[in-house]
Amino acid sequence: MNDDEHVRHSQAEEAQIEVNEVEKARLEAANSLRQAERVRDLVLQALDGRPFKLRVSTILDLNRCAIEGLNGYAGNFRPAGVAIGKSAHEPPGGHLVPELVEEMCDYVNDNWMDKSAVHLASFVMWRLNWIHPFVDGNGRTSRAVSYLVLCAREGMLLPGTETIPEQIVANRTPYYGALEAADTKYKAANSFTPDMVEEMEALMGGMLAQQLKSAFDRATGTTN
């Protein structure tokens, strides 16, 4: 898989669709492009004057884009429990997933003007991974939703050729570390406070700066 499942693989009751390795690679590549295009369309809709709200249906749609043709649960919440390989975090039971995702959306929508774009995107990145609502594609979906929130909150399609999701895929270690840091804080407190995602905010802020710098370098003809 081309996701964090390389290390933090979801171990759940799966409904994988049997395809050969060549077809699987083709589908994963096509799905990745389709998911990115869907994020772009959603941001453009927000720029077209439609008030942005993070909705459960949007999250389901972005998961469907990620794993359609690869898993029978594409675009649906997992029906049962799940474990994450090489992680101390134990995601909540499947029966709690819909309510938890709704609460996550409520946090973003209720704090849309009061919290920064980086904070809201960081919260989504961590919380969706923490809930782990899908049988497969949790990492891909969390990165897509987080980037959607970041762009929509900033009111633009952020420029730069190496986007934040692409940077994470290129080097997952800091991303895992930020997720685990927030998991540990949340487990100790058993309730969320904004400072719990400060490591993720620092990571996201640095990656945003790198993405925007790439746009600046391209516009000015600057080379490293």
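Note on LYS24: aspartates and glutamates with a C-alpha under 18 Å away, same-chain residues under 8 apart excluded, are ASP3, ASP4, GLU5, GLU14, GLU68, ASP136.
Positive end of the dipole of the chain (Cβ unit charges, origin at the Cα centre): among GLY221, GLY49, ALA88, the Cα lying farthest that way belongs to GLY221.
Of all lysines in the structure, those lying under 26 Å Cα to Cα from LYS185, and not within fewer than 8 positions of it along the same chain, are LYS86, LYS115.
Once you charge only the Cβ atoms, +1 for Lys and Arg and -1 for Asp and Glu, what is the size of the charge dipole of the chain about its Cα centre, to the nearest 20 debye? Kindly include the intermediate steps, with their values, before the conclusion.
Numbers: 22 positive and 32 negative charges, 79 e Å.
The calculation lands at about 380 debye.
Put simply, the amide H of TYR73, placed in the peptide plane, has neighbours under 5 Å in ALA15, leaving out anything fewer than 5 places away on its chain. A value for P(r) over Cα pairs in 5 Å bins from 0, in percent was derived from the coordinates, and within the list (i) 1, 7, 14, 19, 21, 18, 11, 6, 2, 1, 0; (ii) 1, 6, 12, 16, 17, 16, 13, 9, 6, 3, 1, 0, 0; (iii) 1, 7, 16, 19, 18, 14, 10, 7, 5, 2, 1, 0, 0 it appears as (i).
Values in this text are rule-based calculations from the coordinates and carry no lab data. Just so you know, these numbers come straight off a predicted model, no measurement behind them. Glycine also receives a Cβ, built like all others from the backbone with ideal geometry; neighbour counts cover every protein chain displayed.
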